[in-house]
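Working notes, beginning with the structure itself.
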């Protein structure tokens, strides 16, 4: 390996469960000791990271789902295992997975869900918008933004098949497409 990193990441999580929704937030202070094996030097790196997830029931089988994450540091040129990455089906959809990385950054997602989509009890249709940015030495800032729609097919024991179409709004990456289609299966058991 080119870099060896040892991390200590104390933090805390706050969870809220209410009648109409739930939310969960987490923040961590990351203290890392990174050794570059090629140039034979060692440095201490400090980061603050955080994440949020929330869902709120609007009624009539409608809900809002929001998620976000960030990383902040005053240091530059972090080793690859400490970079903040966005793009792909779990952060800013519509861009390649791990499309861009930087020393610090953020992303957020907002989804509007309609259960019983097309009057089919096991379908959950949704529309979404995603936004994120990373900061690095060059380019100094890269922003990704997208919109899209999808459908979830829920079956026995909370297992799920999901299909999503995402459309990037900004021409930010050399290897991006005009749209990206995702499909996934979440299997939790029988």
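Descriptive notes on the structure:
- Considering only residues in region 84-97 that are modelled with pLDDT under 95 and on the phi < 0 side of the Ramachandran plot, the one that is farthest from the chain's Cα centre (by Cα) turns out to be 96.
- Taking region 1-64 as the region of interest, the strands (runs of 3 or more DSSP E) fully inside it that hold 3 or more residues being closer than 27 Å to residue 113 by Cβ are 11-17, 21-36, 41-59.
- Flag if residue 177 is part of a loop (DSSP other than H, G, I, E, B) and either more than 30 Å from residue 5 (Cβ to Cβ) or in contact with a helix residue (DSSP H, G or I) (Cβ under 6 Å, 6 or more places away or on another chain) (or both): yes
- Test result for residue 150, over 16 Å from the mean Cα position of the chain (by Cα) and part of a strand (DSSP E or B): yes
- Within region 109-118, considering residues that are within 23 Å of residue 21 (Cα to Cα) and surrounded by fewer than 17 Cβ atoms within 10 Å (Cβ to Cβ), the one modelled with the lowest pLDDT: 116
- Flag for residue 100 being in contact (Cβ under 8 Å) with a residue 60 or more places away in the chain, under 19 Å from the mean Cα position of the chain (by Cα) and under 21 Å from residue 50 (Cβ atoms): yes
- Of the residues making up region 76-95, those that are surrounded by fewer than 20 Cβ atoms within 10 Å (Cβ to Cβ), in contact with a strand residue (DSSP E or B) (Cβ under 8 Å, 6 or more places away or on another chain) and in a loop (DSSP other than H, G, I, E, B) are 79, 83, 89.
The values are calculated or read from the model by the stated rules, or taken from the named source; none is laboratory data. Since this is a predicted model, take the numbers as computed values, not measurements. Cβ: placed from backbone, ideal geometry, glycine included. Neighbour counts: every protein chain shown.
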